[in-house]
Amino acid sequence: METQIDTRHSASKSLNKSKENTPWRIAFRKFKRNRMAVLGVWVLLIIVMIGIFAPYLTPHDPEYADLLNTNGKPDKVHWLGTDSSGRDIFARLLYGSRISLIIGFSAMLFTIVIGTILGSVAGYYGGKIDNIIMRLADIQLNFPFLLLVMTVVAILKEINILIFVSVMAFVSWPGITRIIRATFLSLREQEFILSARSIGGSDFRIIFRHMLPNAMGPIIVNATLFMAGMIISESALSFIGFGVPQPTPTWGNMLTEALSLRVLQYEPWAWIPPGIMIVITVLAINFIGDGLRDALDPRMRKS
Amino acid sequence: MKQTVLVEVKNLKKYFPIKGGILKRTIGHIKAVDDVSFTMYKGETLGIVGESGSGKSTMGRTMIRLYEPTEGEVFFEGDNLFKYSRKEMRRVRKGMQMVFQDPFASLNPRMTIAELIEEPMVVHKLYDRSERNEKVKELLNKVGLQAEYGSLYPHEFSGGQRQRVGLARALSINPKLIIADEPVSALDVSVQAQVINLMKDLQDEFELTYLFIAHDLSVVKHLSDRVGVMYLGRLVELANKKDLYSGPVHPYTQALLSAVPVPNPRLKKERIILEGDIPSPANPPSGCVFHPRCKYATDRCRVEKPLWREIAKDHYVACHLVD
């Protein structure tokens, strides 16, 4: 057939290595080339490991208060000293990564699920549904985040991690919803969506087979960056006493020690380490997020 | 060739509302398609030409209800398409498929070629899995691609190859009508010819009827049996290819044809240069929509809308000058 002439060049080259050329593989290759992002992954992995293996890294119980040995200086037994209640700071630092990561991750997951559902429905259907969801989001965004969480936490009296995470997700869904709605709005106008509709595809199929896979890039990137934000929020809330209550160790409530001027001035080992851990974790996650953003951006595809 | 009617379009209108003001009230309409009527016969290719913004793509999309029509009727094999609910329409779409303009945007980048070609069959629950796989391979061969390409992703293909995939996808459920919305406009000229020839071969093999939308008269001439010319949402002339190219009646068609380059340097041609731009479809001129740019325009053209009439056998035109 004469019409076969042009079919030989670009595709035949990639035919023998077809397994390596799924869009995800390409993104992964690009991600690997970003040094800071890879470093971020390693750092985050180490922090996760620290959280998992904390019991093996220190003999101390992070919640055990040795009231005879408060505000202790670093020594051979307590590597970073003890806090004002006599708890081992090093142990709390290690165990604290558990809570910070768990809260950051689950708050992110929770928010992403809410945001993806609401955002995709709003963006795909548009019209009245879109209007209702987005006006709700606008109302929600009018309240300052911390103030709202503080209020809810104050009303609830008893706080555990699950409730805390739910509150954070409930308060922060509008931002993610907006981003996902915007992604869906722009996807909706793409020709391949029109094409899916013209072959007779159902709404369900179009959303799940065509739109969501193409929205995964922005969703993953925002989820990552959002997780960093959630870790900071947790620290901030715990610092002012509205987060996870003592004696459960979190980096945020360890910083509470620094509320005392004496500790701030003369016992830096009590508050600098948790501060550094927060900074390192958030930085690592943000680097990963930036790396993902570059890797998943289809406009920068060089394969 | 022209025995059975496949599609009949009657007074099709598609207005897009313009919203404005604080309350987002409709303050006007873009008349993208305004009162278009024509008939398509089984097995023919009807070419539709017009400038960008003349509403040809919107017309194609409204015909199969990718856009909801404002007014009018479309009969497909005698069935009024606009009476179906949205859900029923999904089933009815089996008989009509679309090929899109931009081969880089019309294939989902996250699906493999095989998945893309298979999808219409999955949607309409045709065949079982192994039959579908066979069918995909067969279709790939039919459009001149190797069967092994099925495992690749769209980004690994050239524009022409992607357009072949688009054709295979449209063909997978044996449609009767294919609406080709500028299928070759985004391709290199050399590749254009290949795709057009492929479309011709496929038409013979699958007994397809094409609505071929383009802005290039020479491309349309090669493929079409009849040609319609659109201007500002209206059909201004529709005739057999031979009649239209040799004896255009409407001044707009004449101007368009005079702009087609002829590969003969010695041939001196009088080009009719159209003054001004295509007016806004939100606020089309009164009377005949073409009158502001027409050198023959009379007072009557400014006031009275010309009717869509058959002036010779199968030669329709909307112009006062033919009286």
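The values are calculated or read from the model by the stated rules, or taken from the named source; none is laboratory data. Please read all numbers here as calculations on a predicted model, not as lab measurements. Backbone-built Cβ (ideal geometry, glycine too); neighbour counts: all protein chains shown. When the accessible area is computed, the model is the full protein with side chains, heavy atoms only, and any ligands, DNA or RNA have been set aside. Shrake-Rupley method; radii C 1.70, N 1.55, O 1.52, S 1.80 Å.
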hull vol. (C-alpha, convex hull) per residue for the range B:132-189, Å³ -> 88 Å³
For the range B:21-92 and the range B:100-139, what is the separation of their C-alpha centers, rounded to whole Å? 26 Å
I'd like the Karplus ³J(HN,Hα) series for the range B:145-150: coefficients 6.51, -1.76, 1.60, θ = phi - 60°, whole numbers in Hz, and an x wherever there's a Gly or Pro. 10, 6, 4, 5, 5, x
Is chain A best put as rounded, prolate or oblate by its Cα gyration tensor, with a ≥ b ≥ c the root eigenvalues, rounded for a/c under 1.5, and otherwise prolate when a/b is larger than b/c, oblate when not? oblate
For the range B:156-273, what % of the accessible area comes from carbon and sulfur atoms, probe 1.4 Å? 51 percent
Relative contact order of chain B, defined on C-alpha pairs under 8 angstrom at six or more residues apart (%): 19 percent
Quick check on chain B: helices-only [θ] at 222 nm, where DSSP H runs of length 4 and up contribute -39,500 (n - 2.57) each and the sum goes over total residues. Nearest 500, please. -8500 deg cm²/dmol
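Given only helices, namely DSSP H runs of n ≥ 4 each adding -39500 (n - 2.57), what is the per-residue ellipticity at 222 nm of chain A, to the nearest 500 deg cm²/dmol? Don't jump to the answer; show the numbers that get you there.
Details: 13 runs with 204 residues, N = 303.
Helix-only estimate at 222 nm: -22000 deg cm²/dmol.
Given the Cα-Cα distance of A:SER84 and A:ILE240 and 0.36 nm per residue of separation, how much length would full extension add, in nm? Display every interim value, and only then the final one.
Details: separation 156, 0.36 × 156 = 56.16 nm, distance 1.64 nm.
Full-extension gain reported as 54.5 nm.
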Choice from A:MET277, A:MET254, A:MET108 with maximal GNM fluctuation in chain A (Cα, 10 Å cutoff): A:MET277
Given a 1.4 angstrom probe, I'd like the percentage of the accessible area of the range B:58-106 that is carbon and sulfur, rounded to a whole number. 43 percent
Let me confirm one metric for peptide A:185-198, namely the mean number of other chain beta-carbon atoms within 10 Å of its residues' beta-carbons. 6
Of all accessible heavy-atom area on chain A, the percent that carbon and sulfur account for (1.4 Å): 68 percent
Interchain or long-range residues, amide H under 5 Å from A:TRP79's placed H: A:PHE90
Using a Förster distance of 45 Å, how high is the FRET efficiency between A:PHE28 and B:GLU68, based on the Cβ-Cβ distance and rounded to 0.05? 0.60
The answer for B:VAL99, listing residues at least 5 apart or on another chain whose modeled amide H is closer than 5 Å to its amide H, is B:ILE179, B:ALA180, B:ASP181
Scan around B:ILE30 for amide H atoms under 5 Å from its own, H built in the peptide plane at 1.01 Å from N, and keep only partners 5 or more places away or cross-chain. B:PHE16, B:ILE18
List, in order, the whole-Hz ³J(HN,Hα) value for each residue of the range A:190-204 obtained from phi through the Karplus relation with A = 6.51, B = -1.76, C = 1.60 and θ = phi - 60°; use x for Gly and Pro. 5, 5, 6, 6, 4, 5, 4, 6, 6, 7, x, x, 7, 4, 4
May I ask for the Kirkwood hydrodynamic radius of the range A:25-88, worked out over all distinct Cα pairs and given in angstroms to one decimal? 14.4 Å
Tell me the Rg and the Dmax, in Å, that the Cα atoms of the protein assembly as shown produce. 32.6, 111
Pairs of Cα atoms under 8 Å, at least six residues apart: use those to get the relative contact order of the range B:212-304, whole percent. 20 percent
Which FRET efficiency value, to the nearest 0.05, do you get for A:ILE46 and A:LEU109 by plugging their Cβ-Cβ distance into 1/(1 + (r/R0)^6) with R0 = 25 Å? 0.70
From the backbone phi of the range A:126-143, what are the Karplus-calculated ³J(HN,Hα) couplings (6.51 cos²θ - 1.76 cosθ + 1.60, θ = phi - 60°) in whole Hz, Gly and Pro given as x? x, x, 5, 4, 4, 4, 4, 4, 6, 5, 4, 4, 4, 4, 4, 5, 6, 8
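How big a patch of accessible area, both sides summed and in Å² to the nearest 100, lies buried between B and A at a 1.4 Å probe? Each step should come with its number before you reach the end.
On the way: alone 16300 and 17270 Å², together 29770 Å².
Looking at B and A, the buried total is near 3800 Å².
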Defining a contact as two alpha carbons under 8 Å apart and six or more residues distant in sequence, what relative contact order in percent does the range B:1-156 show? 20 percent
Rg and Dmax of the range A:63-216, using alpha carbons, in Å: what are they? 23.0, 76
Once each part is reduced to its C-alpha centroid, what is the distance from the range A:37-108 to the range B:229-291 in angstrom? 79 Å
